[in-house]
């Protein structure tokens, strides 16, 4: 019997990527665009074939901008509109109409396959991922284009991130070593690192004048944000006057930001069914959906990949 392995998909991250990466000429017989559906199915096929997970969950944004986070930092994701990112994919949360019409199709197709979709009211997919990864009894692969989830990387618990910022085909396997190599901080320090340096794409201002290098240096010296703030408040500490002033000036922000940046790990998700099916749960419904939406090729491919999984 194959060893168990859980794959957690940051689903919106993948279907946005598919929508902007697959030509919008990919349409159903009735003219409805299905490029996001097709791309997502192909991504799942590729990932499942390469990593052979026994369990897989499509984690869902029931709320992409939870009010409890906005109350702490009003700018949180407040400005997310269509704007180009370095990789050419718009940094967007407001769903374009041609994508919006595809989301119900994605839900139906995944349901017909029997692939689990899990979300939680008032929480983002990141929080669902954090909870499932933290409580998993098996190795975990998290598939995302979101760096915030690097905070979940844990070699001892066999949790790694498959980072798809450069594309699913060119994804990076983020282990503790890789996170340290790239950012000079440990994964467990990454949330504090992100808090300090800020993240324009999330509307997090960060500490004025503190970038990646200074944030990493402070964490190297003082361990975590609490240690940095304690050093800033202690006139006798070795913290220089420049960083000290910046940390003290950002006291209000630093009081609330860690709660916003930290991924939730203890949501009540019940006991979701995570096992990855070896064959479609509802073959007739799946065949009808494939025919209606012109998805025969990606549906056949994923069906074949699932059937080929090691028992």
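The values are calculated or read from the model by the stated rules, or taken from the named source; none is laboratory data. Only a predicted model underlies this, so the values are computations on that prediction, with no experimental measurement involved. Cβ placement follows ideal geometry from the backbone for every residue including glycine, while neighbour counts extend to all protein chains displayed.
A few comments on the model shown:
Conditions (1) in the same structural domain as residue 282 (by TED's automatic domain parsing); (2) farther than 19 Å from residue 261 by Cβ; (3) part of a helix (DSSP H, G or I), marked per residue:
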| site | (1), (2), (3) |
| --- | --- |
| 110 | yes, yes, yes |
| 117 | yes, yes, no |
| 122 | yes, no, no |
| 126 | yes, no, yes |
| 134 | yes, no, yes |
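- Just one of the listed residues (265, 244, 160) is in contact (Cβ under 8 Å) with a residue 12 or more places away in the chain and surrounded by fewer than 17 Cβ atoms within 10 Å (Cβ to Cβ), and it is 265.
- All positions within segment 29-67 that are under 26 Å from residue 137 (Cβ atoms) and assigned to a loop (DSSP other than H, G, I, E, B): 52, 53, 54, 60, 61, 62
- Any hit, segment 271-284, residues being under 25 Å from residue 55 (Cβ atoms), out of contact with any strand residue (DSSP E or B) (no Cβ under 9 Å at 6 or more places or on another chain) and at pLDDT below 95: yes
- Residues of segment 236-262 that are under 14 Å from residue 197 (Cα atoms) and in a loop (DSSP other than H, G, I, E, B): 250 alone.
- Residue list for segment 19-28, restricted to those being part of a loop (DSSP other than H, G, I, E, B) and crowded, with 16+ Cβ neighbours inside 10 Å: 22, 26, 28
- Extreme residue, surrounded by the most Cβ atoms within 10 Å (Cβ to Cβ), among residues of segment 280-294 that are touching a helix residue (DSSP H, G or I) at 6+ places or on another chain (Cβ under 6 Å) and in a loop (DSSP other than H, G, I, E, B): 280
- Qualifying residue in segment 251-260 (condition: touching a residue at least 24 places away in the same chain (Cβ under 8 Å), surrounded by 14 or more Cβ atoms within 10 Å (Cβ to Cβ) and either under 30 Å from residue 33 (Cα atoms) or in contact with a strand residue (DSSP E or B) (Cβ under 8 Å, 6 or more places away or on another chain) (or both)): yes
- The listed residue being over 24 Å from the mean Cα position of the chain (by Cα) and within 30 Å of residue 131 (Cβ to Cβ), out of 300, 255, 273, 291: 255
- Within segment 151-175, the set of residues being more than 15 Å from residue 136 (Cα to Cα), touching a strand residue (DSSP E or B) at 6+ places or on another chain (Cβ under 9 Å) and not in a helix (DSSP H, G or I) comprises 162, 163, 164, 165, 166, 171, 172, 173, 174, 175.
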